[in-house]
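A.B. asks: Okay, handing you the structure first.
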Amino acid sequence: MATPYTFDTHAQGPPELSDILGREKRGSIAMDGILRSEALVRAISGDSADFAAGLTLLLPTNQAFQQLDEIPEDVEKVLERHFIPQKVTAEQMKEGATVGAYEGTVLRFTESDGRVFVQADQRSPVEVMGAGTRAGSGTYFLVDQLFV
């Protein structure tokens, strides 16, 4: 039986994404899904070799989940499409970066009329909201749709 992962409540230095995301009310449903996956918890805690090059998270809002009839049974796998195992800045997104998501989906960023969009494989483009919120373990941006 695997030992459950726990957060380091005595950590020093800048807050990790795990600290900040716990207070992000617009992404509370996504956080419930993230907490089901040890790999994703380690990623937002800054404790994952898979994310040694950085972490950019396209955090689905609660509204993204409310657009679905039900939350997917494989919500952890769906959320892995929102985790990018490298740093991607808002500027790189505007410049049209193409990156791979943690589970392998190709994500293409574009800019139109001053707004940034991301397209996951052949799915419809989704707007990336804001300039990102940074923490010790990475940066997150909000998106109002899931890559299902």
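The values are calculated or read from the model by the stated rules, or taken from the named source; none is laboratory data. In this text, all values refer to a predicted model and were calculated from it rather than measured experimentally. Every residue, glycine among them, receives a Cβ derived from its backbone with ideal geometry; neighbour counts consider all protein chains shown. These area figures cover heavy atoms from the full protein model, side chains too; ligands, DNA and RNA do not enter into them. Shrake-Rupley method; radii C 1.70, N 1.55, O 1.52, S 1.80 Å.
A.B. asks: Between ALA131 and LYS77, what FRET efficiency comes out of the Förster formula 1/(1 + (r/R0)^6) with R0 = 35 Å and r the beta carbon distance, rounded to 0.05?
C.D. replies: 0.80
A.B. asks: Kindly sort SER112, SER18 by accessible area of their heavy atoms, largest first, with the probe set to 1.4 Å. Before the final figure, lay out each step's value.
C.D. replies: Details: SER112 55, SER18 20 Å².
Sorted by accessible area, descending: SER112, SER18.
A.B. asks: Could you give me the ³J(HN,Hα) list for the range 116-130, computed from phi with Karplus coefficients 6.51, -1.76, 1.60 and θ = phi - 60°, whole Hz, x at Gly and Pro?
C.D. replies: 3J(HN,Hα) across the range 116-130, in whole Hz: 9, 10, 10, 10, 9, 6, 9, 6, 5, x, 10, 6, 8, 9, x.
A.B. asks: As a check on your grasp of the helix formula, calculate [θ] at 222 nm for the chain: sum -39500 (n - 2.57) over DSSP H runs of n ≥ 4, divide by the residue count, round to the nearest 500.
C.D. replies: Working: 6 runs with 35 residues, N = 148.
Counting only the DSSP helices, I get -5000 deg cm²/dmol.
A.B. asks: Once phi is turned into θ = phi - 60°, what whole-Hz ³J(HN,Hα) does the Karplus curve with 6.51, -1.76 and 1.60 give for every residue of the range 26-41, x standing for Gly and Pro?
C.D. replies: Once θ is set to phi - 60°, the couplings for the range 26-41 become 6, x, 5, 5, 4, 4, 4, x, 4, 5, 7, 10, 4, 4, 6, 4 Hz.
A.B. asks: With every protein chain kept in the model, how would you rank MET31, MET129 by accessible area, 1.4 Å probe, largest at the top?
C.D. replies: So, going from the largest accessible area down, we get MET129, MET31.
A.B. asks: Now a separate question. Using a 1.4 angstrom probe with every protein chain in place, what is the largest-first accessible-area order of ILE20, ILE71?
C.D. replies: Descending accessible area places them as ILE71, ILE20.
A.B. asks: Work out the length of the dipole vector of the range 52-148 about its Cα centre, built from +1 on the beta-carbon of each Lys and Arg and -1 on the beta-carbon of each Asp and Glu, and round it to the nearest 20 debye. Each step should come with its number before you reach the end.
C.D. replies: Numbers: 8 positive and 14 negative charges, 84 e Å.
Using only the charged Cβ atoms, the result is roughly 400 debye.
A.B. asks: Looking at [x] 26, 22, 13; [y] 37, 18, 14; [z] 23, 18, 14, which value of semi-axes √(5λ) of the Cα gyration tensor in Å comes from a calculation on the structure shown?
C.D. replies: Correct label, based on the coordinates given: [z].
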